[in-house]
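Every number here is computed from the coordinates shown, using simple stated rules; none is lab data. Only a predicted model underlies this, so the values are computations on that prediction, with no experimental measurement involved. Here the Cβ positions follow ideal geometry from the backbone for every residue, glycine too, while neighbour counts run over all protein chains shown.
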């Protein structure tokens, strides 16, 4: 199901999973106190090629259930990185090192952010995003992914 969503353009799967997941998160502190959702951004060229950002679509479903907005104009991917799928753990960490930046930090200052990615493997991407947000802004971060690839 996740493969169809991520690679076959089945957006509705991501929205559905986000809604179901979001209703469960409403029951769980600290997730029931988030102020906004920030999906892990794709590089513009990759998003244009794929047609959508799967983390953003999943975030849309979460937003419906949690009743909080999705913010896509704060965390920015500055440069294209290679696909993580065939990299070792060390290569994944190096691949995403310092590729994210914060723009409009005033939009999230003092907020509880739900940082969303589609699949967690080593945690390199989500940690790079969180580190960037924490370095630039006074925020609290919780993390959600659709799946874990162990």
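Just the C-alpha atoms of region 2-148: what Rg/Rh do they give, with Rh taken as the Kirkwood radius? Rg/Rh for region 2-148 comes to 0.94.
Compared with the alpha-carbon gap, the fully stretched path from residue 1 to residue 32 is longer by 8.5 nm at 0.36 nm per residue. Model label points for residue 140 and residue 79, set 7 angstrom from Cα along the Cα-to-Cβ axis, are 3.5 nm apart.
Rounded, prolate or oblate: which one fits region 1-53, using the alpha carbon gyration tensor with axes a ≥ b ≥ c (rounded when a/c is under 1.5, else prolate when a/b beats b/c, else oblate)? The shape class here is oblate. If you build a Gaussian network model of the chain, linking Cα atoms that sit under 10 Å apart, which residue out of 51, 22, 60 swings the most? Of 51, 22, 60, the most mobile in the Gaussian network model is 51.
Between residue 101 and residue 45, the modelled labels are 1.7 nm apart [label points 7 Å from Cα along Cα→Cβ]. Taking 0.36 nm per residue of sequence separation and removing the Cα-Cα distance, the residue 8/residue 112 pair yields an extension gain of 34.2 nm.
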